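Worksheet for the structure shown next.
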Amino acid sequence: MTTKHFYTWQDIDKAVNKFVTDMYIDLWKPDYIVGLTRGGLPLAVALSNKIDVPMQTLNASFRDGGTLGGPESNLQMAKDALRKKNILILDDINDTGATFQWIKDDWMKQTGKSKDWNNVWGNNVRFAVLTENLSSEFLEVDYWAHEVNKAEEDVWLVYPWEM
C-alpha cells in the first residue's frame, strides 16, 4: 500500500534553513543557485532570497516525458563550473538520479572531457534536494533535508506547490 508524505510550507522553510546551516558548516557559499524546473524552483527562490545570491533556471526534467534544454544557459553554467564558480544545483528530489546525472554528463560533453571535472563535482559544484531517495543511483547529493528509501517503502511525496 502506498503511503503519502505531505510537505508543508513550514517544511520548506526548515529545509532552506538546513541548507544554509550545512553550507555554513562546510564554509561554502554558492556564487549562484540553479533551480531545476519544476520542483526545484520554489526551493531555489527561497534559498536565493535567504542568502542573497542570484538564481538561474535550468530546464531539466524527466517527469512526464520531460524536457531537457537551455543549451546556451547550460553551456554557460558548465563554463562557469570550470572557472571555479561555486554553483548549487537544487531540485525537490533526487529520485532515480537521472536528472543530476544528465547535468553532469551534459556539462562535461559541452566543455570537453577535461580532467578538471574531477575537481569540480562536490567542490565548487554541489547538489541539494529537499528529499534524498536513498535508493537513487546518483550518490553525489551534498545537501538534503529529508530522506526516504523508495526501494523499501512505497511512498508518494506531495510537495506544497503540487496541491
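Any read-out appearing in this document is the output of simple, stated calculations on the displayed coordinates, not a laboratory observation. These figures come from a predicted structure and were not determined experimentally. Cβ coordinates were reconstructed from backbone atoms using ideal geometry, including for glycine residues, and neighbour counts include every protein chain displayed.
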Cut-off 10 angstrom, C-alpha nodes, Gaussian network model of the chain. Which of G40, G112, G122 fluctuates the most? G112
Helix 40-51 versus the longest principal axis of the chain: what angle, 0 to 90°, nearest 10, using Cα atoms? 70
Setting aside same-chain residues fewer than 8 positions from K84, which lysines have a Cα under 30 Å from its Cα? K14, K18, K29, K50, K104, K109, K113, K115
Can you sort Y159, Y24 by how many other beta carbons sit within 10 Å, fewest first? Y24, Y159
Helix 9-25: inclination vs the chain longest Cα principal axis, degrees, rounded to 10, gives 40
If one takes the longest principal axis of the Cα atoms in the chain, at what angle in degrees, from 0 to 90 and to the nearest 10, does the Cα axis of helix 98-111 lie? 10
Förster radius 35 Å - calculated FRET efficiency between M1 and D105, Cβ distance, rounded to 0.05: 0.45
Spin-label model distance (nm) - Y32 vs V155, 7 Å beyond Cα toward Cβ: 3.4
Below 13 angstrom from the Cβ of G97, what's the summed charge of the other residues (Lys, Arg +1; Asp, Glu -1)? -4
From largest to smallest, what semi-axes in whole angstrom does the chain give when each is the square root of 5 times an eigenvalue of its alpha carbon gyration tensor? 25, 18, 15
